[in-house]
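The values are calculated or read from the model by the stated rules, or taken from the named source; none is laboratory data. Computed from a prediction, not measured in an experiment: that's the story for all the values here. FYI the Cβ positions are ideal-geometry reconstructions off the backbone, even for glycines, and counts take in every protein chain you see. For accessibility, only protein heavy atoms count, side chains too; no ligands or nucleic acids. Shrake-Rupley method; radii C 1.70, N 1.55, O 1.52, S 1.80 Å.
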Amino acid sequence: MAQIANPQQLFEHKLGTALGAEKKVLTMLQTMAEKAQSDELRDGFVRHREETEGQIRNLEQALESIGGASTSHQDPVADGIAQHAEQMLGRVDESLADAVLAGGAAETEHHEIATYEGLITMAEAMGADDVVPLLQENLEQEQRTLREIESATQRLSQQLAQTSA
């Protein structure tokens, strides 16, 4: 018999997976801030780490609101992005570390945005109206962070192109 037997359980599980992803991101951001070469990237990782702590609280509150346990589940996508970034950092020259970190951050933000969009759709369909604002807040933060990472990536790419020309 399936462990997840109804839409409520599926929603709860997906919230728990988002919680697991945010907890993984929290640890990743600490490492990324330590490895970042540019102050802009380092400061962005530190700022997003603080936001991520709030996002974790929002997810815990959302789980509580639907009567679920604040249990986090492993997110294989977040784990894969982290593993890939670590492998790449081990392969590239130190001068390319920021490019790898920014790329991994952008991949993570895209995944989180897709996750929150799906959770909001489910919450709205299920009438979990008190959960939607919590998820919407997280989504808006992730979208803003992605825009910041994209700007930083553009600047980094231009700098790298100039040094290799």
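Mind listing just one residue for me: the one in the stretch 5-40 that is β-branched (V, I, T) and open to solvent by 10 Å² or more (accessible area, probe 1.4 Å) and, of those, farthest from Q74 (Cα to Cα)? Before the answer, list the steps.
Taking the stretch 5-40 as the starting set, the residues that turn out to be β-branched (V, I, T) are 17, 25, 27, 31.
Those still in the list that are open to solvent by 10 Å² or more (accessible area, probe 1.4 Å) too: 17, 27, 31.
On the way: T17: 6, T27: 14, T31: 19 Å.
In this case the residue turns out to be T31.
Taking interchain pairs and intrachain pairs at least six residues apart, which have beta carbon atoms under 6 angstrom, with the first residue in the stretch 99-121 and within 26 Å of D39 (Cβ to Cβ) and the second in a helix (DSSP H, G or I) and hydroxyl-bearing (S, T, Y)?
Pairs that qualify, where the first residue is within 26 Å of D39 (Cβ to Cβ) and the partner is in a helix (DSSP H, G or I) and hydroxyl-bearing (S, T, Y), are A102/T153; E109/T145.
Within the stretch 117-143, track down each residue that is farther than 25 Å from E50 by Cβ and not in a helix (DSSP H, G or I).
Correct list: G127, A128, D129.
What number of residues within the stretch 60-83 are farther than 15 Å from Q9 by Cα and surrounded by 16 or more Cβ atoms within 10 Å (Cβ to Cβ)?
Total satisfying the criteria: 6.
If A152 passes every condition in (1) out of contact with any Gly (no Cβ under 7 Å at 6 or more places or on another chain); (2) in contact (Cβ under 8 Å) with a residue 12 or more places away in the chain but one, which one does it miss?
Checking A152 against (1) out of contact with any Gly (no Cβ under 7 Å at 6 or more places or on another chain); (2) in contact (Cβ under 8 Å) with a residue 12 or more places away in the chain, the one that fails is (1).
I need a count of the residues in the stretch 99-124 that are among the charged types (D, E, K, R) and open to solvent by less than 30 Å² (accessible area, probe 1.4 Å). Steps first, answer last, please.
Just the residues of the stretch 99-124 that are among the charged types (D, E, K, R), to begin with: 107, 109, 112, 117, 124.
So of that shortlist, the ones also open to solvent by less than 30 Å² (accessible area, probe 1.4 Å) come out as 109, 112.
Going through the stretch 99-124 one residue at a time, the tally reaches 2.
Considering only the stretch 1-116, give the helices (runs of 4 or more DSSP H) lying wholly within it that have at least 3 residues that are basic (K, R). Walk me through how you get there before you give the answer.
Details: elements: 7-35, 39-65, 76-91.
The qualifying helices (runs of 4 or more DSSP H) are 7-35, 39-65.
Can you name the residue in the stretch 47-68 that is free of Cβ contacts under 8 Å to residues at least 12 places away in the same chain and more than 15 Å from Y116 (Cα to Cα) and, of all such residues, is farthest from the chain's Cα centre (by Cα)?
Checking each candidate, the answer is G67.
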